[in-house]
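The values are calculated or read from the model by the stated rules, or taken from the named source; none is laboratory data. What you see is a predicted model, and the numbers here were worked out from it, not measured in a lab. In this analysis, Cβ positions are derived from the backbone assuming ideal geometry, glycine residues included, and neighbour counts consider all displayed protein chains. The area values use the complete protein model at the heavy-atom level, side chains included, leaving out ligands, DNA and RNA. Shrake-Rupley method; radii C 1.70, N 1.55, O 1.52, S 1.80 Å.
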Amino acid sequence: MTHPSSTQEVPAHGDVPQHVAIIMDGNGRWAKRQHLPRIAGHRRGVESVRATVRACAQRGIRFLTLFAFSSENWRRPAEEVQLLMQLFQVALTSEVEKLHKNGVRLKVVGDTRRFDVGIRRAIEKGERLTAANKGLTLTIAANYGGRWDILQALNKLVKDHPEAAIDEEALAPYLAINYAPEPDLFIRTGGEQRISNFLLWQLAYSELYFTETLWPDFDAAALDEAIASYRNRERRFGRTSEQLLAAKRAEVA
């Protein structure tokens, strides 16, 4: 099932975002402030993931997408990349049963071919175990890039339908997160204010929220602050404020 494009029609939206996407930034800086190695910040970040998944489920958010490892993160020092891969595999193995118990559906998107066989098997096992769950859908973007997503979708579309016209409706089923609505709320922790090649197609009309809070310190209260900011936004989707007011009046009438 694909969801409506925000550039084609106005999507349903309310006080609680259906889909939250997060760039989890600041693990290394958190560790540095604690006089710890960088990997300690990444380990602490896993605890924030656990807390955020729980908080989103409690607040009725249906989709949570986390940017765990970008296609550009391979440029980091080899030792750090190796430790991150080990942590990713351990987290997948140790958390999947808990996610399943709580009705969470796990999805992993990105070019996973570069990961070793142990990680790929852990991904397959986790997705298979939780596939039928009806609660929160947790998507982990790993070795993912927004440009990669668009290009892989285009390549698949052209391969399957070489004569077809390329438009949004034709492309949508091939995008990596075709099972989720476009994010209502994008959050980036750690103080940086950019989207860093994350969900370039899908963030067209998302509300952007940047916080100085480092990811290991991000908790339910920090999530509530982001949601409060979201609720104060006027989501026009190309319309005027007067049109929104008239639509609200019509609903009341």
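General remarks:
- For the chain: rounded, prolate or oblate by the Cα gyration tensor [a/c cutoff 1.5]: oblate
- Cα long-axis angle, helix 146-160 against the chain (0 to 90 degrees, to the nearest 10): 70 degrees
- The accessible surface of the chain, taken with every protein chain in place and a 1.4 Å probe, is 50 percent carbon and sulfur.
- The charge dipole of region 88-192, taken about the Cα centre with unit charges on the Cβ atoms of Lys, Arg (+1) and Asp, Glu (-1), comes to about 640 debye, rounded to the nearest 20.
- On Cα atoms only, tilt of 117-130 relative to the major axis of the chain in degrees: 50 degrees
- Residue among Ala31, Tyr174, Gly14 farthest towards the positive dipole end of the chain, charges placed on Cβ: Ala31
- Choice from Leu36, Leu99, Leu214 showing the highest fluctuation, given a GNM over the chain with Cα pairs closer than 10 Å: Leu36
- Helix 38-58 axis, angle to the chain major axis (alpha carbon atoms, nearest 10°): 40 degrees
- For region 109-210, accessible area per residue (1.4 Å probe, heavy atoms of protein chains only), Å²: 50 Å²
- Accessible surface calculations at 1.4 Å, restricted to protein heavy atoms, place region 17-75 at 47 Å² per residue.
- Long-range HN-HN contacts of Val109 with modeled amide H, under 5 Å: Ile140, Ala141, Ala142
- Taking a ≥ b ≥ c as the square roots of the eigenvalues of the alpha carbon gyration tensor, region 59-159 is oblate, as a/c is not under 1.5 and a/b does not beat b/c.
- Estimated dipole of the chain in Debye, rounded to 20 [Cβ of Lys and Arg +1, of Asp and Glu -1, Cα centre]: 720 debye
- Backbone geometry of region 73-81 corresponds, through the Karplus equation with coefficients 6.51, -1.76 and 1.60 at θ = phi - 60°, to 3J(HN,Hα) couplings of 5, 5, 6, 5, x, 4, 5, 5, 4 Hz, x marking Gly and Pro.
- Per-residue ellipticity at 222 nm, computed for the chain from helices alone with -39500 (n - 2.57) per DSSP H run of at least four residues, works out to -14000 deg cm²/dmol.
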